[in-house]
Ligand SMILES: [Zn+2]
């Protein structure tokens with residue numbers, strides 16, 4: 001949210017960058033500065049992108065699936081998943097009016113045919129590339145809002161170039177940012193924001209300006225809610241929060257642009273792109289900020305001397321070590337809950353199953369053992385990485401945090417502990433919903449061992465593994481719970497919970 005508001009101000013003043021003084025502009029990088037920067041990525045060609053995609057999915061597991069009437073047969077499984085993400089409208093889209101566009105792929109048997117049909121080949125391949133390589137979903141079909149429009153091929157190129165200008169260790173994004181283009185109600189001069197999209201005012205800019213604006217927004221995304229909130233960072237700009245969204249810098253001459261003087265977050269985004277495109281500007285404004293970005297973000301890559309142009313990925317060894325140490329991380333064990341049995345919590349929970357429309361599994365999650373929470377923490381980290389791949393740990397917020405000075409860890413640890421509780425509560429809801437389904441299908445007799453039949457429906461990958469280890473580590477508790485559930489089922493004649501429309505809806509209600 002805050003990002004959006006920040007940029008509302010930012011881009012409404014984009015025009016000012018062209019008229020400001022020579023050494024300090026409103027924004028650190030505009031089209032002209034960008035054009036002079038070292039090792040810029042050229043616009044990608046369609047054959048290059050197609051080759052990349054073919055190589056990327058070569059030799060991988062294959063699958064068949066029906067998508068919008070098209071029977072896509074024997075396609076790379078990962079590519080199928082990406083395609084489905086691109087062409088499936090999210091249900092949490094906040095901007096009406098909505099469309100119920102019908103897509104027809106009945107003549108297609110391949111993903112490439114689907115991309116060509118729905119977007120045209122040039123745009124379609126670029127959309128798949130952006131998702132596969134950078135973790136970014138910019139498909140207009142991933143939204144059902146009518147105010148979301150398609151990107152033009154030239155605009156997709158600018159986005160790809162802005163991403164390719166950065167070293168590969170920043171990608172893919174760990175979540176699945178949907179970066180839509182562009183709203184009709186562009187609220188006047190707003191051009192872009194870091195979480196939601198680019199607008200008409202952005203499209204009206206020149207190509208170089210557009211790319212610079214995208215880079216600024218990408219920098220916000222790469223702070224990953226870690227680096228621009230870091231105390232070390234905020235000390236470098238001598239930032240003080242005045243209250244609400246108002247900040248004051250005690251070191252304005254250490255900022256690379258007037259906009260960077262707004263708050264530590266704009267300071268970060270502006271400094272980040274200055275590091276990439278105008279390193280000498282950042283180094284002279286603030287050697288400290290330059291060193292911070294070099295150490296924690298760019299891993300020593302230097303654009304001033306061109307050594308960064310080799311596109312070497314730093315942090316690879318460090319991330320591999322982190323992956324090995326992950327199971328021993330201190331985070332979860334520090335949650336002061338211990339191994340208590342929480343009998344009262346459990347009975348309150350079971351009683352609540354009958355009475356309440358919504359169940360507070362978050363509270364219940366606090367009764368699990370420290371070992372279980374550790375598993376949950378590990379799973380939570382892996383769940384933020386596409387496919388739960390340990391080799392991509394370098395992009396996880398947890399790994400990023402571990403690179404900050406140790407003095408900063410406690411603050412982030414609290415944040416991560418919150419993540420873990422939420423994740424665990426969510427997984428438990430799913431687990432319990434699953435248990436009820438299993439018990440229902442068992443008929444009137446309560447099974448001696450409800451786990452035997454339990455295949456942890458609806459859970460996948462690290463989440464499933466962690467949930468299983470949590471259940472095993474707390475077997476007695478889960479066993480009690482399952483038996484109680486079963487008794488209740490019998491009492492209510494199998495209709496459990498009473499009057500609940502469907503078990504799944506009942507538990508998965510947000
Ligand atoms: Zn910004």
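A few notes on this one:
- Taking every alpha-carbon pair within the stretch 235-292, the share separated by more than 16 Å comes to 32 percent.
- DSSP-defined beta bridges in the stretch 46-221 - what % are antiparallel, rounded to 5: 75
- For the peptides 312-323, 71-82, 38-49, residues were scored by their other Cβ atoms within 10 Å and the scores averaged per peptide; the highest-first order is 71-82, 312-323, 38-49.
- Among 267, 95, the ranking by other beta carbons within 10 Å of each residue's beta carbon, starting with the fewest, stands as 95, 267.
- Taking the fewest neighbouring Cβ atoms within 10 Å as the starting point, the ordered list for 246, 24, 289 is 246, 24, 289.
- Per-selection Rg to Rh, the stretch 202-313 - Cα, Kirkwood hydrodynamic radius: 0.97
- P(r) tail fraction, the stretch 46-221 - alpha-carbon pairs more than 20 Å apart, %: 52
- Burial ordering of 277, 258, fewest other beta-carbon atoms within 10 Å first: 258, 277
- In the stretch 46-221, Cα pairs under 8 Å separated by at least six residues give a relative contact order of 18 percent.
- Under the Debye formula (equal points on every Cα, no solvent term), log10 I(q)/I(0) of the stretch 262-321 at q = 0.21 Å⁻¹: -0.81
- If you take the Cα centroid of the stretch 67-143 and the Cα centroid of the stretch 266-305, the two points sit 37 Å apart.
Coordinate-derived values only; no laboratory data. Since the structure is predicted, the reported quantities are computational estimates derived from the model, not experimental observations. With ideal geometry, Cβ positions are generated from the backbone for all residues, glycine too; neighbour counts draw on all protein chains shown.
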